[in-house]
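First up is the structure itself, then whatever we jot down about it.
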Amino acid sequence: MTGHVMTATDAGGERLAERTVSAAPTLGEAAEFGAGHRTDYVSVRHGHDDSTLYGRDPTGAWSVLVVDAPAAVVVEIRRRHDALRRPEPGWDRDPHDGDPLAHAHTAIERMCMPCQGNADAHPSVTWRPPPVPDR
């Protein structure tokens, strides 16, 4: 496969538009492509499976959500990011108010926290497979 395939998707992963570009798009180019198709997510694939996912937060700011991740990871990050964009009633409570799932909400927020700017400047968002435990 030559080039990078940019795909504008909705929160459920439905493809709204697709374009092949010769080089990896910048955050601004991905944001422009997504905004032009009125969506909050753009994935960029180069190769067979690994993708970079860009997302827009409720304020309209675009961020890199995950870099070079397998499709299953991209789907999960998009799902969780969308859940954070549209919190359930009661999610705005103080996490120390006795909610038994408060720790889970905090963990999801930390995992899905976007970074602003170029993905190359933020290696912490690069997906790496979990270590295999010794048996």
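The values are calculated or read from the model by the stated rules, or taken from the named source; none is laboratory data. These numbers come from a predicted model, not from an experiment. Please note: Cβ atoms are built from the backbone with ideal geometry, for glycine as well, and neighbour counts cover all protein chains shown. Just the protein is used for accessible areas: all its heavy atoms, side chains included, with ligands, DNA and RNA removed. Shrake-Rupley method; radii C 1.70, N 1.55, O 1.52, S 1.80 Å.
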Within segment 1-38, considering residues that are open to solvent by 80 Å² or more (accessible area, probe 1.4 Å) and aliphatic (A, V, I, L, M), the one nearest to residue 60 (Cα to Cα): 16
Filtering segment 52-68 down to residues that are of a type in the set (Gly, Ala, Ser) and either modelled with pLDDT under 90 or open to solvent by 20 Å² or more (accessible area, probe 1.4 Å) (or both) yields 60, 61
Residue 44: touching a strand residue (DSSP E or B) at 6+ places or on another chain (Cβ under 6 Å), open to solvent by less than 100 Å² (accessible area, probe 1.4 Å) and either modelled with pLDDT under 90 or in a helix (DSSP H, G or I) (or both), yes or no? no
